[in-house]
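Inspection log for the structure reproduced underneath, given as structure tokens.
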Amino acid sequence: MCRHLGYLGPRTSVGGVLTGGDHSLRVQSYAPNDMRGGGTVNADGFGVAWWQDGSVRSYRNPMPIWTDPAVDDVLPQLDSTSVIAAVRSATVGMPVERSACAPFTDGRWAFSHNGVVRGWPHSLTDLWSEVPPVDALTLPAPTDAAAIWIMLRQLLATLDPPVALATLVRRIEARAPGSRLNFLLGDGENMYATAVHHALSVRRSEDAVTIASEPTDEASDWMHIDDRSLVVATASEFTVSRLDEEEHT
């Protein structure tokens, strides 16, 4: 059910975020430790987004991350103070193509979804009816993650990111109980993540914060995030709150 990772801190190699650690995101693509609700590997593509001069850039490939030489040859030459990356395990019936790979980007935002919406697409028909026609017609890919991104983008136009994420979780759960909704959202300076029926961990060093589906090594300073939690992070700190509390902010 996919793995993702977000980094905020001193300028670092974009490629290094993908490959750093004994249990790096690349390793998690073929040997994940904590897949839940289906899937054994994350071989249906990958993507990475980073911020440069205030703008978000991205690279995505529908092939397994371990087959792409750019991961070792090109991406290490790029650096950024903020990176979001993901490896994909496609839900049965959903396409395996570049446009379906997270992170999805727009303006200053980058977004990844680790999980699945139960009963997709029928379960979210009424929510989708609220999406402006132009957004529906430009859906990046016919997947639950891409649709979630479009709906979240709409909420971000009027709500602060923590409230937008909590609102979307509540709306989806009301229509698709049991969905796994680990979201990761960033704007280059801040990062927001939800843990809903899927694993999430956070590490904070002196001047950096890393959010990951699974720890990238065995260091003891990784903090496991409880289910139904919301993480808000900057490069210097992070806070964890109950998602249910944020829903009523």
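Read the figures in this text as sums done on the coordinates, not as results from a lab. What you are looking at is a predicted structure, and each value in this text was computed from that prediction instead of being measured. Because the Cβ atoms are built from the backbone with ideal geometry, glycine has one as well, and the counts that use them run over all protein chains shown.
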Quiz prompt | Tensor-based shape of the range 138-249 (alpha-carbon gyration tensor, a/c under 1.5 rounded, otherwise prolate or oblate) | solution = prolate
Quiz item: Excluding the sites themselves, what is the longest stretch of the chain that contains no GluC sites (Glu not before Pro) in a DSSP loop with at most 14 other C-beta atoms within 10 Å?
Solution: 1-129
Exercise. Could you work out the relative contact order of the chain, using alpha carbon pairs under 8 angstrom and six or more residues apart, expressed as a whole percent?
Key: 22 percent
Exercise. Note the listed values (1) 17.8; (2) 12.0; (3) 15.7, then indicate which one is mean projected area of the Cα convex hull in nm² calculated from this particular structure.
Key: (2)
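Does the range 65-151 classify as rounded, prolate or oblate by the C-alpha gyration tensor (a ≥ b ≥ c root eigenvalues; a/c under 1.5 gives rounded; else a/b over b/c gives prolate, otherwise oblate)?
Values: a/c = 2.63, a/b = 1.72, b/c = 1.53.
Prolate is the answer for the range 65-151, as a/c is 1.5 or above and a/b outweighs b/c.
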Exercise. Give the long-range amide H neighbours of residue 94: residues separated by 5 or more places, or on another chain, with amide H under 5 Å away, using H modelled in the peptide plane at 1.01 Å from N.
Key: none
